[in-house]
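Visitor: Please find one structure pasted underneath; my questions will follow.
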Amino acid sequence: MPTESVAEFAERARAWLAATMPRTDPRNPSFADRGDEASWQRARELQRLLYDGGFAGICFPTEYGGLGLDMEYQKAFDAESVGYEMPLILNTPTFTICCATILDTGTEDQKRQHVSAALRGDEVLVQLLSEPSGGSDLAGVMTRADRHGDRWVVNGAKTWSTGAFAADYGLLLARTNWDVPKHDGLTMFLVRIDSPGLTLRRITQVHGSTEFCEEFFDDLELGDDAVVGEVDKGWEVASRLLYHERRAVGGGSEFASGSGSENAQEQPPDYTALIPATGQAGNDRVREAAGRALVHRAVRDHLVDYVYRGVLDGSLPPAAGSLIRLYHAESIELEVDTALAIGGSAGVVDGPTGVLAVGQRYLSRQTAALGGGSTEMARNVIGERVLGFPREYAADRGVPFNQVKHSRA
């Protein structure tokens, strides 16, 4: 049991933050740019400050560099850190997804090396999962890892890897057995991003961001120490990773540190500023629409805590993390749509200060419905694994992967 109460912890954090961490200007907050290498370097520096000050990895076990405390302590720290510059871009996927997965499925050496290094700010980890022809079928991986002597040789391609250009390691899902059904022949590997045989390219999105990358593997060699979990049981590791990803995307991970949005595109709409700026302060219908969006925001925050506690005490299955993921996407869509409806034409052309950002945010509206798997997949997970509905029909279920028909370009 901790000897320090949550209130005492918060008081100590308050004093340390004031003495150590850089403050942000509330009138002109600084946001990290995931496509900018300088932002990632700055995040590493800030993470090191947290580590040296004893406030890194509040919910991570002490043996791997964390504090081993309950989520209430992390929430208390998050509340105190408002107004300070924090390494928010390290939360996802490094801490909330990759480190959390290694913590659950990795070897003792992997935990001590990678979780500890990430908490110190020495390592950034990413996911190398999606493939150019894979769509939403993560288990249909085509990237292969073949055994040659005492080495694994990897060939294939991955895409949509967030921040991979700035990372040190990636969790790579590859096919190691083609003679069994697709879920049974996968293995998860830890791969150095600068390895010989790995070529990385940046992807430019419609709004100019270059945070996503694609990777090509040409006879990339790995040893057995790169295997996470067991050979041919990579789907177990991937399933745990997806559990953490769905919670992280919905804002429900205890391993995230800091409060607020990591970039301007993720800032929730400020209706109290938006409505007067568009000359609609007296419009009851506009105020009602904004109120409805704010209610959904509040419900989402309470749902995060409910699901976290439920999974922790066993009253909810781990798949319930998809509840957070689904509601988060629906809340974001409602908020973005509401803000653009209020902004009107001023959100499309240059209008009152700040309103144009509403239209710019709308360009990336669908990201909330895609991150952590599509919204349709989240509904399937909830139906089948939380509510116990029958599974959907799948033509390739139980069929050896080398016998499954694939579309050809």
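Visitor: Looking at segment 21-55, which of the residues that are at pLDDT 95 or above and touching a Leu at 6+ places or on another chain (Cβ under 7 Å) is most open to solvent (accessible area, probe 1.4 Å)?
Guide: Looking at residues that are at pLDDT 95 or above and touching a Leu at 6+ places or on another chain (Cβ under 7 Å), I get Tyr51.
Visitor: Condition test on Thr375, is it of a type in the set (S, T, N, Q), modelled with pLDDT of 90 or more and more than 30 Å from Tyr73 (Cα to Cα)?
Guide: Numbers: of a type in the set (S, T, N, Q): yes; modelled with pLDDT of 90 or more: no; more than 30 Å from Tyr73 (Cα to Cα): yes.
Considered against the rule, which asks whether it is of a type in the set (S, T, N, Q), modelled with pLDDT of 90 or more and more than 30 Å from Tyr73 (Cα to Cα), Thr375 comes out as no.
Visitor: Sort through Thr162, Thr101 and tell me the only one that's touching a strand residue (DSSP E or B) at 6+ places or on another chain (Cβ under 8 Å), touching a residue at least 12 places away in the same chain (Cβ under 8 Å), of a type in the set (Val, Ile, Thr) and open to solvent by 30 Å² or more (accessible area, probe 1.4 Å).
Guide: After ruling out the rest, the residue left standing is Thr162.
Conditions tested, residue by residue: (1) modelled with pLDDT of 95 or more; (2) charged (D, E, K, R); (3) within 19 Å of the chain's Cα centre (by Cα).
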site: Leu171; (1), (2), (3): yes, no, yes
site: Thr176; (1), (2), (3): yes, no, no
site: Thr187; (1), (2), (3): yes, no, no
site: Ser209; (1), (2), (3): no, no, yes
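Visitor: How about segment 58-69: which of its residues are touching a residue at least 12 places away in the same chain (Cβ under 8 Å) and either in contact with a Ser or Thr (Cβ under 8 Å, 6 or more places away or on another chain) or of a type in the set (D, E, K, R) (or both)?
Guide: Kept after step one, since they are touching a residue at least 12 places away in the same chain (Cβ under 8 Å), are these residues of segment 58-69: 58-61, 63-67, 69.
Listed by number, the residues that qualify are Ile58, Glu63, Tyr64, Gly65.
Visitor: Right, another one. What's the number of the only condition in (1) part of a loop (DSSP other than H, G, I, E, B); (2) of a type outside the set (A, V, I, L, M); (3) buried (at least 22 other Cβ atoms within 10 Å of the Cβ) that Asp122 fails to meet?
Guide: (3)
Visitor: Right, something else. If Leu128 meets every condition in (1) open to solvent by less than 20 Å² (accessible area, probe 1.4 Å); (2) in contact with a Ser or Thr (Cβ under 7 Å, 6 or more places away or on another chain); (3) over 18 Å from Val227 (Cα atoms) apart from one, which number is that one?
Guide: It fails just one condition, (3).
Visitor: When residues of segment 294-347 are filtered for being outside any helix (DSSP H, G or I) and either open to solvent by 40 Å² or more (accessible area, probe 1.4 Å) or in contact with a strand residue (DSSP E or B) (Cβ under 6 Å, 6 or more places away or on another chain) (or both), how many remain? Please lay out each step first, then the result.
Guide: Of all residues in segment 294-347, those outside any helix (DSSP H, G or I) come to 314-317.
Subsequent filtering for residues that are either open to solvent by 40 Å² or more (accessible area, probe 1.4 Å) or in contact with a strand residue (DSSP E or B) (Cβ under 6 Å, 6 or more places away or on another chain) (or both) retains 314-315, 317.
Within segment 294-347, residues that are outside any helix (DSSP H, G or I) and either open to solvent by 40 Å² or more (accessible area, probe 1.4 Å) or in contact with a strand residue (DSSP E or B) (Cβ under 6 Å, 6 or more places away or on another chain) (or both) number 3.
Visitor: Another one. Taking Val358 as meeting all but one of (1) open to solvent by 30 Å² or more (accessible area, probe 1.4 Å); (2) part of a helix (DSSP H, G or I); (3) in the same structural domain as Arg285 (by the TED database), write down the number of the exception.
Guide: Going through the list (1) open to solvent by 30 Å² or more (accessible area, probe 1.4 Å); (2) part of a helix (DSSP H, G or I); (3) in the same structural domain as Arg285 (by the TED database), Val358 breaks only (1).
Visitor: Next up: Checking Gly140 against (1) part of a loop (DSSP other than H, G, I, E, B); (2) open to solvent by 20 Å² or more (accessible area, probe 1.4 Å), which test does it fail?
Guide: Going through the list (1) part of a loop (DSSP other than H, G, I, E, B); (2) open to solvent by 20 Å² or more (accessible area, probe 1.4 Å), Gly140 breaks only (2).
Visitor: Given the residues Glu230, Glu266, Glu236, Glu221, which is the only one that is at pLDDT below 90, open to solvent by 70 Å² or more (accessible area, probe 1.4 Å), outside the structural domain of Leu340 (by the TED database) and not aliphatic (A, V, I, L, M)?
Guide: Values: Glu230 fails: at pLDDT below 90; Glu236 fails: at pLDDT below 90; Glu221 fails: at pLDDT below 90.
Only one candidate qualifies: Glu266.
Visitor: Can you report the number of residues in segment 278-293 which are in a helix (DSSP H, G or I) and not charged (D, E, K, R)? I'd like the intermediate steps shown before the answer.
Guide: Taking segment 278-293 as the starting set, the residues that turn out to be in a helix (DSSP H, G or I) are 284-293.
Adding the requirement that they be not charged (D, E, K, R) leaves 286, 289-291, 293.
Matching residues across segment 278-293 total 5.
The values are calculated or read from the model by the stated rules, or taken from the named source; none is laboratory data. Small disclaimer: the values here were computed from a predicted structure and weren't measured. Heads up, the Cβs are rebuilt from the backbone with ideal geometry, glycines too, and the neighbour counts pull from every protein chain shown. Side chains are part of the model used for accessible areas, which takes the heavy atoms of the whole protein and leaves out ligands, DNA and RNA. Shrake-Rupley method; radii C 1.70, N 1.55, O 1.52, S 1.80 Å.
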